[in-house]
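Participant: Take this structure, written in structure tokens, and hold onto it; I'll ask about it next.
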Amino acid sequence: MMFAALIDTFNAIATPIAAIVLNALWEGVLLVAAVWLFVRSWPQLNASTRYAIWSATLAAVVIVPIATTLPFFTFAAAKQPVTSTSSSPETSAKAQRVVRAPMVTHALTTAVKRAEAPAQSAATPPALPPRFRVTFPLPLTIGVFALWVILALLALARLTIGLLRLEQLKRDALPLPVEYRDSMERWPRANKGSREVRLCVSDETDVPVAVGLFDSMILIPRSLLERLSAPEVDQISLHELAHLRRGDDWTNGFQRVALALLAWNPAALFVSQQLDLEREVACDDWVLGLTGTVRPYALCLTKMAETSTWPRQPMPAPGVFATRKHISLRIERLLGAGRNIATTLALGPTAVAVAVVATLSLAIAVIAPSVAAPCLQALAPQQPIAAVAPIPPAPKVVRIFEYRNVATAAAVPSVHTPAAATVHSPSVDVHVPGTDVHVPAVNVHVPEVNVPHVDVHAIVQNALKGMPLQHMVSQAAVQECSGCNYSGANWAGKDLRGRNFTGVDLSRANLSGTDFSSGHFSGVDFTRANLHGASFRNASLVGCDFTGADLTGVDFSGAKLSGCQFTSARMSSSELRAVLDTCTGCDFSNADLSGADLSHVKTNGIDFSRANLSGANLSGSEFTGTDFSKARFDGANLAGATFNGCDFSGTDLSHVDLSKVKMIGTDFSNHERPTPEP
């Protein structure tokens, strides 16, 4: 139990993060494209304004996917507990006693609504609008989460190593000689701001770099002092001072952390490149504002680019050099005619850009689909609900519920009942007459809703006894349902012949001996369900997931299966043969089929990749378009088998009897093609 709880907790953490990562891909592209068009349409923006706009864009790329994804997961969680209430005999005589219980699914929310007082309806929080769902298998979401963790940890590790290297450079640096400092014309008069900035020489760095955070320092390579004149070193020092005056050491640090958390997002990489460029151009403009000489500064940068050694490894600190493309773009901008070299932030364009980003973020929040959110619904914990106060000995009127006309029929009314509480009513016989139900000021309308054999009175009486909702559902008639959540339900032995289920969650449900014959099932989740002895005779199953389910003794005779997944499902050879004879495009990857009797079966498009077929009997079988890549065939009997268009890439067949095997169009990539014995 503890291990299962840990697995559920891990899934509950990994699934939202994977959904955020996937949503960030397309949402980031939309945000960056909009801002890029805005910046291109306003060419007179100065570098400081562009830097502020791209900084706001990077923040939106991080925040918007989180804000548009998490509401789907919080909505799937259990409702808050209902507080205990007390009432006097007078108020109970007025018949306002409602028994409450958690809603079965989001579909039942629209199908069955209770008639409550206006005050209670006003207090109910508004439901999220229905969204388009993009559901990914749980293994895929776990893979996305694992990939994100690996890339983020690698990026954070590189950032940490870079920061440690900067600290080492600061410790080993020496102050710039006084005679060289005195020959610099503008450095002594430059405004250093409120921070104490030290100008030092380093033998360990390749390019000038501004190292800030808690101890501001400008590091000049010693080799650069030999190649550049004092005025040129003066200009380079002013450029690095501009970084510290602008606080680029802190903003660059936040940028590197955000980029590490979005390491594989192309939109974040593009924004980071724009920030690096605009940061350097803004510092160039700051130097031009002090010196007023464009061409000498451009020649200084050109000389450095031609004679200096490029950084052996990138450092997480702003510096003169980033990439060769950036240095060429900076020189081109310096020499451009009519360019805006102001160093102040233009509030008007910045406000317009932020408004564009905010508007697009709201639009994305409206249209954002629920990516991978359904994977978490089965993991949402059911929270306890407080007991309703004891009912005094007085006649009670139980409020029944209004059925509204909906597209799908509802199986059970969305009543509210305590999940594990009992109602203490000593010496009181609570009786709900079968024919005289009083509904004060409520218009009960039932327009063609088919709910056969549902004893509403029995459900209400069971609710008053504190019976759990799942047990009540198991006693009621289950109708056709779309998108319902019956995870963990107990339907053992029920007669559900001819039912239609679409997108229904039956994971971990007890379906032992249940009769599903002649039914239609599309996208139903049977993962880890107990289907021992169940019947799917003559049923149609499309895209169903039986991962980890117990299928021993299941009757699949006459059933038609397409695109179903049976990874780690437990079944005997008889059930397996019945599935393979009728299934198209089913997934048995990583399945343990060792010793299985699969002789004389005919399959089409089955996935046996990485499956264990050791000792299996495949003699006389016909496999068409089947994937056997990296499967195990040790000791398997393939005599008389036919493989047409199958994939054996990465499969070791060196110890397999291939006598009388017929192979047509078989793929043996990354494997030496076996030669059948004559």
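Participant: Since Ala56 meets every condition but one in (1) open to solvent by less than 20 Å² (accessible area, probe 1.4 Å); (2) under 24 Å from Trp286 (Cα atoms); (3) not hydroxyl-bearing (Ser, Thr, Tyr), which condition does it not meet?
Facilitator: The single condition Ala56 does not satisfy is (1).
Conditions tested, residue by residue: (1) under 36 Å from the mean Cα position of the chain (by Cα); (2) closer than 21 Å to Cys544 by Cβ; (3) at pLDDT 90 or above.
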position	(1), (2), (3)
Ala458	no, no, no
Ala463	no, no, no
Cys484	yes, yes, no
Ala492	yes, yes, yes
Leu496	yes, yes, no
Asp525	yes, yes, yes
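Participant: How many residues are more than 11 Å from Leu199 (Cα to Cα), open to solvent by 90 Å² or more (accessible area, probe 1.4 Å) and either touching a Ser or Thr at 6+ places or on another chain (Cβ under 6 Å) or not in a loop (DSSP other than H, G, I, E, B) (or both) if we restrict to segment 171-186?
Facilitator: Adding up the residues that qualify gives 3.
Participant: Right, something else. Taking segment 621-635, which residues are outside any loop (DSSP other than H, G, I, E, B), under 14 Å from Asn590 (Cα atoms) and open to solvent by 60 Å² or more (accessible area, probe 1.4 Å)? Steps first, answer last, please.
Facilitator: Of all residues in segment 621-635, those outside any loop (DSSP other than H, G, I, E, B) come to 622-624, 627, 632.
Narrowing further to those that are under 14 Å from Asn590 (Cα atoms): 627, 632.
Answer for segment 621-635, where residues must be outside any loop (DSSP other than H, G, I, E, B), under 14 Å from Asn590 (Cα atoms) and open to solvent by 60 Å² or more (accessible area, probe 1.4 Å): just Arg632.
Participant: While we're on this one: Just name the residue that is nearest to Ser540 (Cα to Cα) out of those in segment 498-519 that are open to solvent by 20 Å² or more (accessible area, probe 1.4 Å) and modelled with pLDDT of 90 or more.
Facilitator: First pass over segment 498-519, keeping only residues open to solvent by 20 Å² or more (accessible area, probe 1.4 Å): 498-500, 502-503, 508, 510, 512-513, 515, 518.
Okay, now just the ones that are also modelled with pLDDT of 90 or more, so 508, 510, 512-513, 515, 518.
Working: Arg508: 21, Asn510: 21, Ser512: 19, Gly513: 18, Asp515: 13, Ser518: 7 Å.
Here the residue is Ser518.
Participant: Can you tell me which residues in segment 508-562 are among the small types (Gly, Ala, Ser) and either touching a Pro at 6+ places or on another chain (Cβ under 9 Å) or part of a strand (DSSP E or B) (or both)?
Facilitator: Once the filter is applied, which keeps residues that are among the small types (Gly, Ala, Ser) and either touching a Pro at 6+ places or on another chain (Cβ under 9 Å) or part of a strand (DSSP E or B) (or both), segment 508-562 yields Ser522, Ser535, Ser540, Ser562.
Participant: Given (1) modelled with pLDDT under 85; (2) surrounded by fewer than 19 Cβ atoms within 10 Å (Cβ to Cβ), identify the lone condition not met by Ala317.
Facilitator: With respect to (1) modelled with pLDDT under 85; (2) surrounded by fewer than 19 Cβ atoms within 10 Å (Cβ to Cβ), Ala317 is out only on (2).
Participant: What number of residues in segment 535-553 are of a type in the set (S, T, N, Q) and open to solvent by less than 30 Å² (accessible area, probe 1.4 Å)? Steps first, please.
Facilitator: Going through segment 535-553, the residues of a type in the set (S, T, N, Q) turn out to be 535, 538, 540, 547, 552.
With the extra rule that they be open to solvent by less than 30 Å² (accessible area, probe 1.4 Å), the set shrinks to 535.
Matching residues across segment 535-553 total 1.
Participant: Still on this structure: Kindly list, by first and then second residue, each pair from a residue in segment 591-614 that is on the phi > 0 side of the Ramachandran plot to a residue that is open to solvent by 10 Å² or more (accessible area, probe 1.4 Å) and assigned to a loop (DSSP other than H, G, I, E, B), limited to pairs with Cβ atoms under 6 Å and residues at least 6 apart or on different chains.
Facilitator: Going by the 6 Å Cβ cut-off, the qualifying pairs are Gly595/Gly615; His600/Gly620; Gly605/Gly585; Gly605/Gly625; Arg610/Ser589; Arg610/Asn590; Arg610/Lys630.
Participant: So for segment 150-165 (the condition being out of contact with any Pro (no Cβ under 6 Å at 6 or more places or on another chain), part of a strand (DSSP E or B) and modelled with pLDDT of 85 or more), does at least one residue qualify?
Facilitator: Checking segment 150-165: not a single residue is out of contact with any Pro (no Cβ under 6 Å at 6 or more places or on another chain), part of a strand (DSSP E or B) and modelled with pLDDT of 85 or more.
Participant: Given the residues Gly635, Gly558, Gly595, which is the only one that is modelled with pLDDT under 85 and within 26 Å of Phe536 (Cβ to Cβ)?
Facilitator: One residue alone meets the criteria, Gly595.
Residues checked against (1) polar (S, T, N, Q); (2) open to solvent by 10 Å² or more (accessible area, probe 1.4 Å); (3) assigned to a strand (DSSP E or B):
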| position | (1), (2), (3) |
| --- | --- |
| Thr567 | yes, yes, no |
| Ser574 | yes, yes, no |
| Val579 | no, no, no |
| Ser589 | yes, yes, no |
| Gly595 | no, yes, no |
| Ser599 | yes, yes, no |
| Ser619 | yes, yes, no |
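Participant: Name the residue, out of Val257, Val271, Val233, that is touching a residue at least 60 places away in the same chain (Cβ under 8 Å), open to solvent by less than 10 Å² (accessible area, probe 1.4 Å), touching a Leu at 6+ places or on another chain (Cβ under 9 Å) and not charged (D, E, K, R). It would help to see each step written out before you state the result.
Facilitator: Working: Val257 fails: open to solvent by less than 10 Å² (accessible area, probe 1.4 Å); Val233 fails: touching a residue at least 60 places away in the same chain (Cβ under 8 Å).
Answer to the selection: Val271.
Participant: Filter segment 200-216 down to the residues that are among the hydrophobic types (A, V, I, L, M, F, W, C) and over 15 Å from Ala242 (Cβ atoms) and list them by number. Give the derivation first.
Facilitator: Within segment 200-216, the subset among the hydrophobic types (A, V, I, L, M, F, W, C) is 200-201, 207, 209-211, 213-214.
Of everything in segment 200-216, those that are among the hydrophobic types (A, V, I, L, M, F, W, C) and over 15 Å from Ala242 (Cβ atoms) turn out to be Cys200, Val201, Val207, Leu213, Phe214.
The values are calculated or read from the model by the stated rules, or taken from the named source; none is laboratory data. Every value quoted in this text rests on a predicted model; they were computed, and no experiment measured them. Cβ atoms come from the backbone with ideal geometry, glycine included; neighbour counts cover every protein chain shown. Heads up: the accessible areas ignore ligands, DNA and RNA and are worked out on the full protein's heavy atoms, side chains in. Shrake-Rupley method; radii C 1.70, N 1.55, O 1.52, S 1.80 Å.
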